[in-house]
Amino acid sequence: MADRSRTHRRTAGRVAAAVPVALVCAFLLLPLVVVVVSSFAAQNSFRFPPEGFSLRWYGEVLGNPAWVSSLAVSARLLLVVVPVVVLLGTLGGYAVGAGDFRGRRALSLLFVSPIMVPSVMLGLALLHQLQVAGLVGSAVGLVLAHVVVTFPFCVRVVAVSAAALDARLVRAAQDLGASPLRAFLTVTVPLLRPGIVAGAFLAAVISLGEVAVSVFVSGARTVTVPVRVYSAVQVQMEPSVAAISTLMLVAAVAVIAVLDRTLRISRFL
Amino acid sequence: MSAVAAAPRARRWPRVRPGVVPAVLPTVFVLVAFLLPLAGLLVLSLRPTDAFNFALPGFSLRQYREVLTTPYLYRSLLESLSLAVRVSVTCLVLAYPVAWYLARAAHGWRKTLVFTVTLSPLLASEVVRSFGWRIVMAGEGPVNRTLQALGLTDASLPLLRSPWTVFLAVVHVLLPFAVIALTASLGAIDDAVLRASADLGASAAQTFRRVVLPLSAPGLVAGAVIVFSLTMGIYVTPLLVGGANQPLAGLRVQSEAMVTFNQPRAAALSFVLLLVTLVVCAVVTAVGRLAERGTRG
Amino acid sequence: MTSGRVEVRDLRLGYHGELVLALDELTVEPGEFVSVLGPSGCGKSTLLSALAGFVEPMAGTVHIDGEDVTHVPPHRRETGMVFQSYALFPHLTVRRNLEYGLRARKVPRAERDARVAEALALVGLEDFAGRYPRQLSGGQQQRVAIARSLVTRPRVLLLDEPLSNLDAKLRRYMRHELRELQQQVGTTMVFVTHDQSEALATSDRVVLLAGGRLEQVGTPEDLYRRPRTAFVADFVGAANVLDVRTGPGGEPRVLGRPYDVAAPAPARVALRPEVLRLRAVTGTDPEGSVVTVVSVGFGGERYDYRVRTADGRTLLVSPPADTAPHPVGTSVALHWEPGAVVPLADEDGAA
C-alpha cells in the first residue's frame, strides 16, 4: 500500500515537473509553428486559421530573382565564413582550452568579448571602419562581420573539447616515436574533432541567421536572406516571407537535431 | 577508464600543453576585426561634428553631454534598463525547469526533442522569430482569433502596439541563453548531494531552497548576465515586432546611425549603453559571488 | 642480448627550480628487471619521466647503451613507456594503437603486420585487434599498453605503476604475468611502484627512494634481510626498530637480551615481526623482554599481536599460529633466534 502511494506520488511529481517544461517548449515553438503554417496558406493574409493549402509562396520565392540572389549570397558567405572561423576558432579554442601560458584567462575573455558588445554597436563600429577603409558594401565587410559574430561560439565549443584532452595521450604518442607535430595531427586533432565539427555547424547556423550586424555592413549586392527578410517585414507582410523563413528554419532544426544525435552537442552546454 | 579501474589519482605528469603560439592568429584577428573598429568608434564619439553630423578633427564631449541631457536619448537607456531587468528575471524563471530537465534526464529521444525545441529559436534567425510574433499577434492572428472564439473580445485587439508583445518576443529570443547557462551549472550538481539532502530528511522544497538554488547560483548569475546584456542592446526584434517608435537604446542607436545618419551621436550613445551594461553585469557578478560565499561560509 | 643498459650519473631533477630527486649513480644492466620503489612524493615517477625524456634534468646525465640521451626528446629516445592510466588512444582500435609507433617509424607494411601480430600473440589479445580501448577490461587495456610499447622494440621499457588501476586479485595475477613476459622478451624494464610486495615479487633488483634520495639498491632479499636504515627496514615489510642499550657489564643489549650479531654494535637494530616468538615468562627472562599483549588477531598462518614493552613502546609480533593465542592483558616474554637481529646504519645514511 505504502509502496503504491509512493510510486503514485512519484508519478504525480514527474507529471508536475513535466508541465512547465512542456509549457515553455510550447511558448518557444509557437511563433515558429505559426510561420511554418502560414507559409502554406492559400490566401495573401495572415488570417488564422489559414484557408486552404498551397505551395504558391514557395514558388514565388524561388521565382523571385531577389530572393534567389540572396540565397546565393547566404550560401557563398557560408562557404567562406565557416572554414575561416573553424581555423581561427580551433586555434583559439585549443590555446585557451588546453594551453599553459600566462594570460590564458585574459585571452579567453578577449575571445568571447564580441558576445558582450551589443550587436548594434558592433555593426556600427564595423560600418565606420569600412567607411574609413573605403570598403562599404563590399563582401569583405560581411565576411568580417560574420566571422566576428560566430568566432566566440566556435572558440567556446572547441575550448570545451580541448580542456577535456588527456595530455598523457600526447606524451604516449611522443614516447612511441611521434614528433610533436605528428602527435598533434594524429592524436590531438582527432580528439578535438567533435568540438571542431560542432563549432563548424554552430557557426554555420548562426551565420545563416545573422541579421543585427549584417544590416549595417551589407551592400546592395550583398543582401543575405535574413537581411532581405528584415527589410521585407518592415515594408509589407507577405506569406512569401513565411516561406523563405520556413526554408531557413527547416535547415537549422535539421542540423541541430542530427548534430545532437551524432555528437551529443548537449554536453558542450 | 574501465570497470575495474580504481578512482582516478591525481595527475602527476606535467601536462603537454600548447603554448601561446596557436593563439597568435586568432588574437590578431580579434584585434583587427573587433577591437580596432571599437577603438575607431570611440574616437568617432569624441569628435566635434559639422551641421550635417559629419565628424570633424578635434576633441569634443558634446555627444556624451547630449546623450545624458536629451530625454529622447537618456530615457531610452532607462527604458532598456527596465526591459532588461524584467526580461532577465522572466527568462531565468522560465528556463529553470527546462534546464533542470535537460541537466537531469537520461539521454533519449525526449531529451533530444526538448533540447532541439529549446535551441531552435536560437538557431532560427532573429528575423524569423520576430516575424512569427508579428503573425501571432496580428489582427487576425491566432491570439486574437482565440480570444474572439472564446468570446472574450469582439473586435481584434491592437496587440502589436502593446509593449507586452515586444517583451514576450524578447523573452522568446533570449530564453535559450538562460537555459544554456543554467543547464551547465545544474548539471554540475552531484546527484549524491541531492540524495544526501533527502536522506537527511529535507523535503523536496527544502532541498531546492537550501541545496539546489545556492549551488546553481553561478548559472543564475551567468544566465542573468548574458540575457541582461543582450537585452540592453537588442534592436531587431523590437523594431520588427513593435516598430521604430519605442524608446529603447538599441533602437535609438540604430536610428541615429541609419536613419538620421548622426554616427558620432550613435557612437556616444552606444558607449554609454555598453558602460551601463558592463557596470550592471559586474554588480550582478559580485553580488552572486557574495551570495555564494555566504551560503558556503 | 646486449642492448638496454641504462646509466644515470649525478642526476638532479626538479620542477621550476625545486629539487625533487638527487641520484648520484644508478646502473640498470641489459635485460634486468629493476623496480623503483618508494612512498608517494619520493621522486620515482620523476625519475621515470627523465628516463623517457619528459623531464629535462637540472644536472647530470642519462646514458642508454652508451649514448648520452640526457637532452634527446622523447620521440627519439627509443624507450617505451607504459602509463599508469595506460594512455591508450581512445579513437584508435587495438591494432591501430599497436601500429602507432611503427607508423611513426615508417616501418613497411608487411613487417608492421607481422610485428603487430607477434605482439598481440605475446599478450594473448589476437581476438581483440578490432576493438576500441573502451570495449576492453582493465587487465586487457593494460596488456594492450604493454604490447604497444614492446612492439616498437624499445631499448628500455618503463612502467609507471601500471598495476595500480587494477583490483587486488588481478594485480597479483598480472604481477606474475609481467615477470614471465619480461623473461620471455628479455627487454630491460624499469618498473615504478609504491607497493613493496609488488617490487619484491617481480624484480631482479629494487631501487628504494625516499624524500628525493636513494635509500638502498639491492636484490629483494638484500632489502628484506639486510636493510641499511630504519626506513628501509620498515618500508620493505614491517619492522620493529629498536635502540641498542648498554647492559650492566657495558655489553650491548636489545630488549634486555645480549646483542649477538657482528661487532661493533650499531645504535639501532630492526626486528621483523615474523622472527619474534612469545612465551610464558620465566625467571631467566630479562626485564626488558617482558611485554603485555595489547591486541591479537588471527592472520591465517600467523597471529598478529600488538604488545607493549615496560617503557611503553608498541611492537608488532607475528608468530606462527600453531598454539592457542596468548590472551589480551597477559604478560609474555619476547624471544628470537640467534642472528635474527638486523643491524641498521646510522640514520643519516653515512654507512
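The values are calculated or read from the model by the stated rules, or taken from the named source; none is laboratory data. As the structure is a prediction and not an experimental result, all values here were calculated from the model. Here the Cβ positions follow ideal geometry from the backbone for every residue, glycine too, while neighbour counts run over all protein chains shown.
Brief remarks follow.
- Segment C:282-307 residues that are in the same structural domain as C:Pro252 (by TED's automatic domain parsing), paired with ones that are of a type in the set (Lys, Arg) and modelled with pLDDT of 90 or more (beta carbon under 8 Å, 6 or more apart): C:Val291/C:Arg308; C:Thr292/C:Arg308; C:Val293/C:Arg306; C:Val294/C:Arg306; C:Val294/C:Arg308; C:Ser295/C:Arg306; C:Val296/C:Arg306
- Odd one out for A:Leu107, checked against (1) within 17 Å of the chain's Cα centre (by Cα); (2) at the interface with chain B (Cβ under 8 Å from one of its Cβ atoms); (3) of a type outside the set (Asp, Glu): (1)
- Residues that are free of Cβ contacts under 8 Å to residues at least 40 places away in the same chain and basic (Lys, Arg) were ranked within segment C:78-110; the one that is farthest from C:Leu136 (Cα to Cα) is C:Lys106.
- Scanning segment C:144-164 for residues that are part of a loop (DSSP other than H, G, I, E, B) and out of contact with any Gly (no Cβ under 6 Å at 6 or more places or on another chain) returns C:Val151, C:Arg153, C:Glu161, C:Pro162, C:Leu163, C:Ser164.
- Residues (free of Cβ contacts under 8 Å to residues at least 60 places away in the same chain, within 27 Å of C:Gln182 (Cα to Cα) and within 14 Å of chain B (Cβ to nearest Cβ)) located in segment C:4-40: none
- Criterion (surrounded by fewer than 17 Cβ atoms within 10 Å (Cβ to Cβ) and not assigned by TED's automatic domain parsing to the domain that holds C:Leu208) met by exactly one of C:Pro252, C:Pro273, C:Pro320, C:Pro266: C:Pro320
- Residue check, B:Val221 within 11 Å of chain A (Cβ to nearest Cβ), within 30 Å of B:Asp190 (Cα to Cα), in contact (Cβ under 8 Å) with a residue 60 or more places away in the chain and surrounded by fewer than 24 Cβ atoms within 10 Å (Cβ to Cβ): no
- Residues satisfying the stated conditions in segment B:108-144, i.e. at the interface with chain A (Cβ under 7 Å from one of its Cβ atoms) and either of a type in the set (Phe, Trp, Tyr) or not in a helix (DSSP H, G or I) (or both): B:Phe115, B:Ala124, B:Ser125, B:Phe131, B:Trp133, B:Ala138, B:Glu140, B:Gly141
- Counting only helices (runs of 4 or more DSSP H) that sit completely within segment B:200-297, those holding 2 or more residues that are farther than 17 Å from A:Ala212 by Cα and not hydroxyl-bearing (Ser, Thr, Tyr) correspond to B:204-207, B:217-232, B:263-296.
- Being part of a strand (DSSP E or B) and in the same structural domain as C:Asn240 (by TED's automatic domain parsing) holds for only one residue in C:Val332, C:Val328, and it is C:Val332.
- For segment C:16-26, filtering for residues that are in contact with a Lys or Arg (Cβ under 7 Å, 6 or more places away or on another chain) and surrounded by 13 or more Cβ atoms within 10 Å (Cβ to Cβ) leaves 2.
- Pairs are defined by a Cβ separation below 8 Å, a sequence spacing of at least 6 or placement on different chains, a first member in segment B:178-198 that is within 14 Å of chain A (Cβ to nearest Cβ), and a second member that is outside any helix (DSSP H, G or I); the pairs so defined are B:Ile180/A:Leu269; B:Leu182/B:Ser216; B:Thr183/A:Leu269; B:Ala184/A:Leu269; B:Ser185/B:Ser216; B:Leu186/B:Ser216; B:Gly187/A:Leu269.
- Residues in segment B:57-74 that are in contact with a Lys or Arg (Cβ under 6 Å, 6 or more places away or on another chain) and exposed (fewer than 14 other Cβ atoms within 10 Å of the Cβ): 0 in all.
- Count - residues of segment C:41-63 that are within 14 Å of chain A (Cβ to nearest Cβ) and either on the phi > 0 side of the Ramachandran plot or touching a residue at least 60 places away in the same chain (Cβ under 8 Å) (or both): 5
- Meets criteria (modelled with pLDDT of 90 or more and of a type in the set (Val, Ile, Thr)) for B:Val128: yes
- Checking B:Leu25, B:Leu44 one by one, the residue that is at the interface with another protein chain (Cβ under 7 Å from one of its Cβ atoms) and farther than 30 Å from B:Gly250 by Cβ is B:Leu25 and no other.
- Across segment A:129-159, the number of residues qualifying as in a helix (DSSP H, G or I) and either within 15 Å of the chain's Cα centre (by Cα) or more than 9 Å from chain B (Cβ to nearest Cβ) (or both) comes to 21.
- Residue within segment B:89-99 that is outside any helix (DSSP H, G or I) and among the small types (Gly, Ala, Ser) present: no
- Test result for B:Ala155, more than 30 Å from A:Ala200 (Cβ to Cβ), in contact (Cβ under 8 Å) with a residue 12 or more places away in the chain and of a type in the set (Gly, Ala, Ser): no
- Looking across A:Ala178, A:Ala172, A:Ala162, A:Ala183, one residue alone is more than 30 Å from A:Val211 (Cβ to Cβ), buried (at least 21 other Cβ atoms within 10 Å of the Cβ) and more than 14 Å from chain C (Cβ to nearest Cβ). It is A:Ala162.
- Of the residues making up segment A:138-175, those that are among the small types (Gly, Ala, Ser) and within 16 Å of B:Ala33 (Cα to Cα) are A:Ser138, A:Ala139, A:Gly141, A:Ala145.
- Screening C:Gly66 on (1) on the phi > 0 side of the Ramachandran plot; (2) more than 9 Å from chain A (Cβ to nearest Cβ); (3) in contact with a helix residue (DSSP H, G or I) (Cβ under 6 Å, 6 or more places away or on another chain) shows it passes everything except condition (3).
- Considering residues of segment A:242-259 that are more than 16 Å from A:Ser69 (Cβ to Cβ) and facing another protein chain (nearest Cβ under 8 Å) only, the residue farthest from the chain's Cα centre (by Cα): A:Ala242
- Residue among B:Val173, B:Val136 that alone is crowded, with 20+ Cβ neighbours inside 10 Å, touching a residue at least 60 places away in the same chain (Cβ under 8 Å) and not hydroxyl-bearing (Ser, Thr, Tyr): B:Val173
- Near pairs, Cβ below 7 angstrom, 6+ apart or cross-chain, from segment A:46-71 (under 18 Å from A:Val36 (Cα atoms)) to any residue that is part of a helix (DSSP H, G or I) and of a type in the set (Asp, Glu): none
- Residue within segment C:315-327 that is among the small types (Gly, Ala, Ser) and more than 23 Å from C:Phe235 (Cβ to Cβ) present: yes
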